[in-house]
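For reference, the structure is listed below as structure tokens.
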Amino acid sequence: MTTTPVPTAPLVEIEGLRIVSGDPKSPRAIVQRIDVDIQPGRRIGIVGESGSGKSMTAGAIMGLLPEGVRVESGSIRTGDVELVGLSDRALRGIRGRVISIVYQNALSALNPVFPVGRQIADVARAHLGLGRRAAHARAVELMTEMGIPDAARRALDYPHQFSGGMAQRVAIAMALVCEPQLLIADEPTTGLDATIQVQVLATIARSITGTGSALLLISHDLGAVRNMTDEVIVLYAGMVLERGTTDEVMNDPINPYTKGLVASADQDGGTISFIPGRIPEPGSVSESSCPFADRCPLVTELCRTERPGLRETSTGRVVACHNVELP
């Protein structure tokens, strides 16, 4: 007799997320109507041009939005805990232990006045209850796993004594020291040279495989997203325009914006493809129109008067566009 598999509960469940900034009487929408479930062990990429709302989504999950930016509505849950509106004290118990983040500039994320080994060890002590010696030993062990040579000695060094690539490895070690259930990597290779980028991404991939952590990768690097994720969310001006498996979205994009984004990364014979125009400023697009209307080759009057909803394909992919036929 066969049995029906029991669905796994989402590790993080985001419903109707709307992030705004500015005057509460006339807020500007930065992120609109985002829904996503992050299952345990799943690897999800978020792509889109600068200003599309990728990092703001990550900040909302962590409860670390910039001053003047807030979640206006929607829900972000992990287990039975609602993260939106949760006190900073309660969030500190979740950050690092349940959800960790690696930012794009490790040197600015690390404290310049403490040795890096102490910074990693302090996270382990706070969340795992380790003693000072055990936490330091764990920090050295993890730095070694991150590929940092002579880790026992380097653990006593300060952030400014590390190159950008090595500092990023330290930041990854700090994020993973408690084996969180979800690692958010927010543009983790920005500013690094190509060789170091490959090494850092390989370190992240190897580390989350070892811990079984889920991954939310925010990146402009579509090649990294292709190689490291199972699913892709395409954001534009704070709105989801397409979401599906990485293979579907990257190899057979449907939304005109996704097509342009993929084409701009897949250069053929030196020909440079680009999307004309610029992404609009946050909050500058009417919520009664498609945010991509001014740059879209398929634009019609309907696009300017009615915002498209997400429609589902036969394979479960979702696309927001009035003017494409879905398989």
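The values are calculated or read from the model by the stated rules, or taken from the named source; none is laboratory data. This one's a predicted model, so the numbers in the text were calculated from it and none came from an experiment. Using ideal geometry, Cβ is built from the backbone for each residue, glycine included, and neighbour counts are taken over all protein chains shown.
The figures follow:
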| item | result |
| --- | --- |
| From Glu179, Glu187, residue being touching a strand residue (DSSP E or B) at 6+ places or on another chain (Cβ under 7 Å), within 26 Å of Gly93 (Cα to Cα) and at pLDDT below 95 | Glu187 |
| Of residues in segment 209-224 being more than 21 Å from Leu142 (Cβ to Cβ) and surrounded by fewer than 21 Cβ atoms within 10 Å (Cβ to Cβ), the one farthest from the chain's Cα centre (by Cα) | Gly223 |
| Where a residue in segment 277-299 is at pLDDT 90 or above and its partner, wherever it lies, is small (Gly, Ala, Ser) and crowded, with 17+ Cβ neighbours inside 10 Å, with Cβ under 7 Å and at least six apart | Pro291/Ala237; Val299/Ala293 |
| Boolean, Arg206 is within 17 Å of the chain's Cα centre (by Cα), surrounded by fewer than 22 Cβ atoms within 10 Å (Cβ to Cβ), not in a loop (DSSP other than H, G, I, E, B) and not small (Gly, Ala, Ser) | no |
| Residues of segment 58-72 satisfying the condition of being of a type in the set (Val, Ile, Thr) and either assigned to a strand (DSSP E or B) or touching a Pro at 6+ places or on another chain (Cβ under 6 Å) (or both) | Val69, Val71 |
| Single unsatisfied condition, Gly164 versus (1) within 16 Å of the chain's Cα centre (by Cα); (2) in contact (Cβ under 8 Å) with a residue 40 or more places away in the chain | (1) |
| Near pairs, Cβ below 9 angstrom, 6+ apart or cross-chain, from segment 32-54 (in a loop (DSSP other than H, G, I, E, B)) to any residue that is of a type in the set (Ser, Thr, Tyr) and crowded, with 18+ Cβ neighbours inside 10 Å | Pro40/Ser213; Gly41/Ser213; Arg42/Thr229; Gly48/Tyr236; Gly48/Tyr257; Glu49/Tyr236; Ser52/Tyr236; Gly53/Tyr236 |
